[in-house]
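What follows is one structure encoded as structure tokens, with my remarks underneath.
The values are calculated or read from the model by the stated rules, or taken from the named source; none is laboratory data. Worth saying up front: this structure is predicted, and the values here are computed from it rather than measured. Cβ: placed from backbone, ideal geometry, glycine included. Neighbour counts: every protein chain shown.
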2 protein chains.
Amino acid sequence: MQQVREELPDWRGGGVSVMERGHREDDFLRCAHEAEADLRALMEIPDDYHVLFLHGGAQLQFAAVPMNLAAGQSLTADYVNSGHWAALAMAEARRYLTVNECATVADAGAVAMPEEGAWRRGGDAGYLHYTPNETISGLEFHRVPDAGDATLVADMSSVILSRRFAVRRFGLIYAGAQKNIGPAGLAVVIVRRDLAARAAAAGAVPRVMNYAAQAAAGSMVNTPPVFAWYVAGLVLRWLRKNGGVAAMEKQNAEKSSVLYNCIDNSGGFYRNRVAAAWRSRMNIPFTLAAPQLEEAFLAAAAAAGLAGLRGHRAAGGLRASLYNAVPPAGVLQLTEFMNHFRQTRG
Amino acid sequence: MQQVREELPDWRGGGVSVMERGHREDDFLRCAHEAEADLRALMEIPDDYHVLFLHGGAQLQFAAVPMNLAAGQSLTADYVNSGHWAALAMAEARRYLTVNECATVADAGAVAMPEEGAWRRGGDAGYLHYTPNETISGLEFHRVPDAGDATLVADMSSVILSRRFAVRRFGLIYAGAQKNIGPAGLAVVIVRRDLAARAAAAGAVPRVMNYAAQAAAGSMVNTPPVFAWYVAGLVLRWLRKNGGVAAMEKQNAEKSSVLYNCIDNSGGFYRNRVAAAWRSRMNIPFTLAAPQLEEAFLAAAAAAGLAGLRGHRAAGGLRASLYNAVPPAGVLQLTEFMNHFRQTRG
């Protein structure tokens with residue numbers, strides 16, 4: 001943010017802000033290419049994958065993925081229904097192809113997914129779609145599913161750059177930028193070239209959503225979200241200089257472990273309902289044994305400088321989101337506050 | 001830009017930038033509502049029109065308009081082909097409905113549109129689409145066409161807020177934000193409520209592009225482009241405090257007139273090829289009688305602090321864009337430079 005502020009009046013010596021510069025000027029093209037190169041380096045993206053920086057966030061991709069991959073043909077796709085975001089992705093996909101809900105999140109005492117062996121996979125599915133992390137319920141897949149002959153597609157909005165993924169295992173990865181990359185209004189799509197090429201024949205896909213067209217145009221079929229791309233570039237550069245994804249992975253494991261320990265050692269005062277094997281390192285929802293204390297908890301937290309702890313309006317309760325931008329010290333401050341609140345109000 | 005910079009480290013007392021704030025927090029909702037209220041006031045938008053702030057720029061609307069208005073039914077629409085942008089809008093529309101190209105820009109000595117009486121309107125057209133200003137050829141419609149029984153739809157990307165329009169004459173107005181409103185990555189859609197409601201039944205429209213769904217969700221079906229919306233809000237507020245659209249209209253007429261006079265009084269050294277009745281006040285392309293001087297012109301202009309004068313790569317030549325953000329003094333500086341260049345190099 002400091003760099004954004006310093007560069008705002010005069011970006012790269014042009015006398016105006018990056019927002020006021022043309023997206024085809026050399027300075028912005030260089031900035032755009034640097035962001036792509038940094039993302040490729042951070043995620044070790046193979047050369048036979050396109051990296052696209054697109055308008056619209058992940059939810060537009062919920063539609064773009066089936067539109068591009070079905071490419072006007074009749075297609076069935078397997079969708080893993082892990083919760084809120086997966087269900088939204090499925091609802092969009094149903095507009096464009098046949099969705100086979102091959103696995104559904106269960107809540108028998110604890111929130112968990114069925115084991116992969118029990119998934120009802122469609123034999124003819126064109127792709128398998130899953131959501132590695134559900135931000136509202138706080139459920140995360142710690143293993144990448146085996147898609148078999150199908151193409152694996154993942155909505156990585158809330159886990160991209162938070163841990164290492166072998167990109168080669170995926171045909172298509174997409175992510176809204178606003179969690180671990182940059183500001184809202186930008187989606188990153190990493191798509192194997194042969195899959196993107198399939199979209200060239202997809203007549204009903206809006207051109208700015210067409211992966212083949214955007215790949216051919218360097219993500220500039222239309223004016224891209226220049227400012228969001230620029231800020232994303234700063235974040236990616238910072239990440240490379242600070243240990244890359246491996247360092248984030250280690251830090252995120254430690255951060256989440258500190259908070260889960262605080263919850264699990266609270267004698268039931270705090271409670272997280274996700275089965276241990278499926279607990280998210282990014283989003284940790286919890287409830288109070290005494291729900292009537294929730295508002296007092298939030299008020300005391302805000303007074304201590306801890307904001308953003310209210311659970312998603314679809315779930316209620318409380319939630320801590322520990323994205324890359326949250327430093328370990330912030331989690332320590334949170335757990336100290338939680339312990340103190342428990343001791344005084346428990 | 002100064003205000004953006006000042007507010008970046010601590011927006012509305014939250015201790016972080018607007019980019020880092022949740023889009024459902026009260027502060028951002030207030031900012032979003034203020035932007036809508038300011039736009040409604042500036043354009044005198046009647047209450048039976050929705051105002052939507054959407055992802056993706058105008059080109060996504062090239063597809064969204066026919067997808068929403070056809071709503072899965074068979075539909076014919078009249079499109080006025082005035083040039084580059086109109087042609088792109090038509091190409092997108094053809095994916096979703098039957099396009100009747102009812103008028104085509106002509107270039108017999110000068111660039112001009114056929115008179116409205118000669119347009120080949122389809123009797124059963126669901127809507128009439130036109131592009132009030134073509135930024136590349138520099139052609140502008142100074143009168144709003146009479147759509148008759150059809151709904152009038154306009155791509156106002158490069159003229160919104162540059163002059164007054166009677167919104168009531170339109171069923172749907174859309175505009176990419178990056179010309180007269182704010183940063184790239186935001187589109188404004190002003191749509192009559194009955195037309196938006198039609199989209200509720202449109203099964204193949206991605207939900208974030210569906211006008212009915214976005215209207216019901218206050219443009220927040222998904223995380224909106226928060227930063228672009230915020231900057232747009234600052235521009236709209238500034239515009240209200242500085243005379244509104246009427247003041248801009250007057251200033252833009254004067255600015256363009258100064259530049260056209262400079263061109264027309266150059267004894268043929270500079271030339272604009274658009275017929276007088278169709279000349280744009282926003283984008284003024286011109287050529288040099290001696291095209292080999294173009295690079296020298298651009299270099300001398302850049303040295304004089306005048307950037308952005310290269311013509312669009314689709315057209316070549318030179319071009320001055322006089323959007324709202326360009327002050328009258330900037331145009332005077334430009335014409336002084338042009339006169340001096342002509343006197344020394346002519």
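Taken over segment B:223-253, the criterion of being within 14 Å of chain A (Cβ to nearest Cβ) and not in a helix (DSSP H, G or I) is satisfied by B:THR223, B:PRO224, B:PRO225.
Residue-wise test of (1) within 9 Å of chain B (Cβ to nearest Cβ); (2) surrounded by fewer than 14 Cβ atoms within 10 Å (Cβ to Cβ); (3) modelled with pLDDT under 95.
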| position | (1), (2), (3) |
| --- | --- |
| A:TRP11 | no, no, yes |
| A:GLY14 | yes, no, yes |
| A:SER17 | yes, no, yes |
| A:LEU39 | no, no, no |
| A:PRO46 | no, yes, no |
| A:ALA63 | yes, no, no |
| A:GLN73 | no, yes, yes |
| A:ALA86 | no, no, no |
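Every condition in (1) surrounded by 17 or more Cβ atoms within 10 Å (Cβ to Cβ); (2) within 26 Å of the chain's Cα centre (by Cα); (3) away from every other protein chain (no Cβ under 14 Å) is met by A:ALA276 except one, and the failing one is (1). Among residues belonging to segment B:262-273 that are free of Cβ contacts under 8 Å to residues at least 40 places away in the same chain and out of contact with any strand residue (DSSP E or B) (no Cβ under 6 Å at 6 or more places or on another chain), point out the one that is surrounded by the fewest Cβ atoms within 10 Å (Cβ to Cβ). Applying the filter and picking the extreme gives B:GLY268. Exactly one residue out of B:THR335, B:THR287 is assigned to a helix (DSSP H, G or I) and outside the structural domain of B:GLY176 (by TED's automatic domain parsing): that is B:THR335. If the Cβ limit is 8 Å and pairs must be 6+ apart or interchain, which residue in segment B:72-86 that is of a type in the set (D, E, K, R) pairs with which residue that is part of a loop (DSSP other than H, G, I, E, B)? Pairs that qualify, where the first residue is of a type in the set (D, E, K, R) and the partner is part of a loop (DSSP other than H, G, I, E, B), are B:ASP78/B:TRP119; B:ASP78/B:ARG121; B:ASP78/B:GLY122; B:ASP78/B:ALA125; B:ASP78/B:ALA150.
Being in contact with a Pro (Cβ under 7 Å, 6 or more places away or on another chain), modelled with pLDDT of 95 or more and part of a helix (DSSP H, G or I) is a condition met by at least one residue of segment B:99-121.
Yes or no, residue by residue, for (1) buried (at least 24 other Cβ atoms within 10 Å of the Cβ); (2) within 11 Å of chain A (Cβ to nearest Cβ); (3) out of contact with any Cys (no Cβ under 7 Å at 6 or more places or on another chain); (4) in a helix (DSSP H, G or I):
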site	(1), (2), (3), (4)
B:ILE173	yes, no, yes, no
B:LYS179	yes, yes, yes, no
B:VAL189	yes, no, yes, no
B:ALA196	yes, no, yes, yes
B:ALA200	no, no, yes, yes
B:VAL221	no, yes, yes, no
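Scan segment A:224-270 for residues that are acidic (Asp, Glu) and over 19 Å from the mean Cα position of the chain (by Cα) and the total you get is 2.
Given the criteria modelled with pLDDT of 90 or more, over 18 Å from the mean Cα position of the chain (by Cα) and closer than 29 Å to A:ASN283 by Cβ, does A:TYR96 qualify? In short, yes.
Scanning segment A:314-336 for residues that are free of Cβ contacts under 8 Å to residues at least 60 places away in the same chain and under 16 Å from A:PRO285 (Cα atoms) yields A:GLY316, A:GLY317, A:LEU318.
Among the residues here, A:HIS142 does not qualify as of a type outside the set (Ser, Thr, Tyr) and either surrounded by 19 or more Cβ atoms within 10 Å (Cβ to Cβ) or not in a loop (DSSP other than H, G, I, E, B) (or both). Scanning segment B:115-144 for residues that are under 19 Å from B:VAL274 (Cα atoms) and not β-branched (Val, Ile, Thr) yields a total of 13. The set of residues from segment B:93-123 being polar (S, T, N, Q) and either over 24 Å from B:SER74 (Cβ atoms) or buried (at least 20 other Cβ atoms within 10 Å of the Cβ) (or both) comprises just one member, B:THR104. When A:GLY57 is tested against (1) within 11 Å of chain B (Cβ to nearest Cβ); (2) modelled with pLDDT of 95 or more; (3) touching a His at 6+ places or on another chain (Cβ under 8 Å), just one condition goes unmet, and that condition is (2).
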